[in-house]
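The structure under discussion appears below in the form of structure tokens.
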Amino acid sequence: MFRNRWLIALGAIAMAFFLVSADAHARVGGGFSGGSRGSRTFAAPPATPTAPTAAPIERSITQPGNAAPIGQAGIRPDLFGGLAAGFLGAGLFGLLFGHGLFGGMAGFASIIGLLLQVVLVVIVARLVFAWWQRRNMPTPVYAAAHPVSGHSFGGLSGILSSANVLATGDHLTIAKSDYDAFERLLGDIQAAYSTEDLSALRAKVTPEMLSYLSEQLSGNASRGLINRVTDVKLLQGDLAEAWREGNTDYATVAMNFACKDSMVDRATGQTVEGVERSEVTELWTFMRASGGNWLLSAIQQT
């Protein structure tokens, strides 16, 4: 019976992990939303036909403008993570040592109770964290949108939305050469990631994004795997917004692309997981210093 409880507890932990990371994928960015978008890092980009919605930034070196200082009372994501861990731990230990999830449950009822508690804790933690992010999100001020001239983005009839500009009037025009650069970077970054070429990535992404990608590659290596992303083809893209902050230009582009994404055994070269071909829609934000080249500075899921 004690052994069965250990198996149940391990299964519950695995379920919790699955619920938290169910949206994770391979490829560049690993399916997460992270990076920096300047002053708009924590503001949702405008909806586009390609990407009507965008997930909020989860990891960034940029701090919210109205974030509470260290030591100041307030709601923190780590607080809810600790509470969730405490509740889950209490339930697991109660089950392991014969007290049941709530002290009086036994057998199958305790199993169901444990699984329900895990699900509820994860759901509540996610909802509260989403509320906290919205509460601490700075409110950007926009001027009237400026129309963008039509451009065939990605070999199809690209749908270019209006580019929102800052109220200061720093309008940024995105030209055909810029769209060509975005499409080229999509393929080049995926190719460099697939070959684990950090030197090539360093020339195409910001230092922040390079740190995230290096972390993912190290994780793959520790598992004896290589993430191969090949046959990348942009199917449709449109501009969500473009703006200038000081001497830095930013452009957030929604891109729907097809690719072959698989995990390959590092030793044998055999494919261990992945699909032949799939379609992905993400928002990529690019930045460039005055007179410089575009670099990938953020990725957001839809």
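Given the residues 161, 214, which is the only one that is within 30 Å of residue 229 (Cβ to Cβ) and modelled with pLDDT under 50?
161
When you check residue 208 against the structure, is it acidic (Asp, Glu) and either without any contact (Cβ under 8 Å) to a residue 60 or more places away in the chain or not in a helix (DSSP H, G or I) (or both), yes or no?
Answer is no for this residue.
If you go through segment 246-273, how many residues are more than 17 Å from residue 195 (Cα to Cα), in contact (Cβ under 8 Å) with a residue 40 or more places away in the chain, touching a Lys or Arg at 6+ places or on another chain (Cβ under 9 Å) and not β-branched (Val, Ile, Thr)?
Total satisfying the criteria: 4.
So, in segment 262-287, how many residues would count as being closer than 14 Å to residue 190 by Cβ and open to solvent by less than 20 Å² (accessible area, probe 1.4 Å)?
Summing the residues that are closer than 14 Å to residue 190 by Cβ and open to solvent by less than 20 Å² (accessible area, probe 1.4 Å) in segment 262-287 gives 3.
Confirm whether residue 242 is open to solvent by less than 60 Å² (accessible area, probe 1.4 Å) and either under 18 Å from residue 187 (Cα atoms) or not charged (D, E, K, R) (or both). Give the steps one after another, and end with the answer.
Numbers: open to solvent by less than 60 Å² (accessible area, probe 1.4 Å): yes; either under 18 Å from residue 187 (Cα atoms) or not charged (D, E, K, R) (or both): yes.
Criteria met by residue 242.
Could you list all residues from segment 193-202 that are among the small types (Gly, Ala, Ser) and under 19 Å from the mean Cα position of the chain (by Cα)?
Scanning segment 193-202 gives a single hit, 194.
Any residue in segment 32-40 that is touching a Ser or Thr at 6+ places or on another chain (Cβ under 8 Å), part of a loop (DSSP other than H, G, I, E, B) and at pLDDT below 70?
No, the conditions are met nowhere in segment 32-40.
Keeping to segment 263-293, report how many residues are assigned to a strand (DSSP E or B) and farther than 17 Å from residue 239 by Cα.
13
Please tell me if residue 45 is modelled with pLDDT of 85 or more, more than 11 Å from the chain's Cα centre (by Cα) and loosely packed, with under 15 Cβ neighbours inside 10 Å.
So residue 45 fails the test.
Checking residue 224 against (1) free of Cβ contacts under 8 Å to residues at least 40 places away in the same chain; (2) open to solvent by 20 Å² or more (accessible area, probe 1.4 Å), only one condition comes out false. Which one?
(1)
The values are calculated or read from the model by the stated rules, or taken from the named source; none is laboratory data. Note that the coordinates shown come from a computational prediction; the quantities given were computed from them, not determined experimentally. All Cβ positions, glycine included, derive from the backbone under ideal geometry; neighbour counts span all protein chains shown. Accessible surface is based on the protein model in full, side chains and every heavy atom, while ligands, DNA and RNA are left aside. Shrake-Rupley method; radii C 1.70, N 1.55, O 1.52, S 1.80 Å.
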